[in-house]
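Structure record follows, encoded as structure tokens.
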Amino acid sequence: MSLDPPAYILSLQNNIRARPISWEGAVRAKTITDADLQKIKAVDKVRREQKKQVIEKDTESYVDLFLGSKDGPSIFQAAAKRPDIVQYMLVLAGDLIEDIPSFVSALIQHSDPFKPFLPLLKPSSNPDDPIPLLTSAVLSSLLSPALLASAKPSPAIEEALPQLYTALSTLAKSSDAGLQDIAVQDFSAVLRTKKARELFWKQRKETLDPLIDILRAAAGAGKDTDSTIWSGTASVRTADTGISGGVGLQLLYHVLLVVWQLSFEGAMVGDGLQDEHDILILYVQLLRLSPKEKTTRLLLSTLNNLLRSNEASLLPAAVLARLPSLLQSVQSRHLSDPDLIEDLNSLIELTDTYTQTQTTFDQYAAELRTGHLRWSPPHRNETFWHENARRIIDDDKGALPRKLAEIVSKPWDQDKQVLAIGCNDIAWLVKEVPEKRQWLEKLGLKGRCLELMQDADEAVRWESLRAVGEWLRYSFD
């Protein structure tokens, strides 16, 4: 899938092409050789067809020019002290890679095709230095076909790809949307093989986290926003400010494209995406707001990949995120993309089959297992607790109360609501199954509720007081 280059880098490349360079001075200073200069002039500022003829007639010597050989270093190593020449040659290399596929094939057959570029990825002390940015673009253009051409990644690929990911992650963390878009498109260019996706996932703190931050901003939530925005109760009007006021549509599309490519390794990444980023709630929110079919298509396809690879663990979370009702809403839109419609129908069938077999107890247990509580209907339903409290305690040798203890033991500084809900559930368990109160106390639930009575959050204080009150009811028995 080929994407149009970002305007930011096109403008930079055009600016570099227009700069005058004293090539003859570089030859006199022995920075480059006269033979190097003749090769450069033969393909610089000439028509594409002429450029192609020159390269195809003397491919080997041009590979040596850019990558070096046993007889001499690459142009990038030779001109290392001339940043103007390095910048110019990076732009020229990018042009040749884009225009001449046979030259790309020759470059990646070199014994170490990425070596000259790796030192150029390192950030400069000058934040405006374009060399790391230009190098990232060239390197991704080389690594993409190299990955596709090899059944097993070579040692050169294994060395270069992690370094490229690190460099691109720096751009992705920028506050400049143009730099972010360059990083995301370069990520997408190389994420076409299983190995590339595995390495991307291995480095996900660098690579993926900045992209998730972009998606959260598009959904109308910062990374520290509490779960009320993600509960489905936030209004579309509120969240609309995300896409319209924060993240541009093209950047959003490109980030969604990268996550979609990653989702082809659904079994590897699905649970991690949910545990670390609440991906299902995030994608439900984005799907609700999706302004175009092309973004809706990527959202649905990614959800389909993740859910079908992780039905047991992710379908319960998808139902809690209210995906089934949203899918019905999406179905009512005027849709024309056949792939989108196919993924939509597949998801509806999948979620319908699941929900038809689930009881309220199953839904509560599934929510507890996600490790993140929300005010879903069972929590405040007296009938639910009357019918299910004993089962919650006895099921799987007390696994659910132990999970509840694990959840409330965390501080939840950015989402105090979780603690309030946990204390609510503890209160119901003690009230409905009082003979188990000592066992629940041994799990640390009473002690934690006593601590939370001093919490700064009013809802947490109230629910913890109510829970402790259920224990005190029996203190004089």
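Above 18 Å, the calculated P(r) of segment 403-450 contains 22 percent of its Cα-Cα pairs. The calculated pair-distance distribution of the chain uses every alpha carbon pair, bins of 10 angstrom beginning at 0, and gives 4, 17, 23, 19, 15, 10, 7, 4, 1, 0 percent.
Residues Thr351, Thr383, ranked from the fewest to the most other C-beta atoms within 10 Å, line up as Thr383, Thr351. In Å, the Kirkwood hydrodynamic radius of segment 1-176 over pairs of distinct alpha carbons? About 16.8 Å, per the Kirkwood formula over Cα pairs. Applying both filters, DSSP loop and at most 14 other Cβ atoms within 10 Å, to the chymotrypsin sites (Phe, Trp or Tyr not before Pro) of segment 377-477 gives Tyr474, Phe476. Spin-label model, Gln203/Lys70: points 7 Å from Cα along the beta carbon direction are separated by 3.2 nm. Within segment 277-299, what residues put their amide N at less than 17 Å from the label point 7 Å along the Cα-to-Cβ vector of Asn345? Counting only backbone N, you get 297. Rg and Dmax, both from the Cα atoms of segment 378-472 and both in Å, are 12.2, 35. Relative to the longest principal axis of the Cα atoms of the chain, helix 236-245 runs at roughly 20 degrees. Angle of helix 311-320 to the longest C-alpha principal axis of the chain, folded into 0 to 90 degrees and rounded to 10: 70°. Note on Ser11 and Glu276: the extension gain reaches 91.7 nm, defined as 0.36 nm multiplied by sequence separation minus the Cα-Cα distance. Taking the longest Cα principal axis of the chain as reference, the axis of helix 48-57 is set at about 70 degrees.
Only the coordinates and a few stated rules stand behind these numbers; no lab work does. Computed from a prediction, not measured in an experiment: that's the story for all the values here. Using ideal geometry, Cβ is built from the backbone for each residue, glycine included, and neighbour counts are taken over all protein chains shown.
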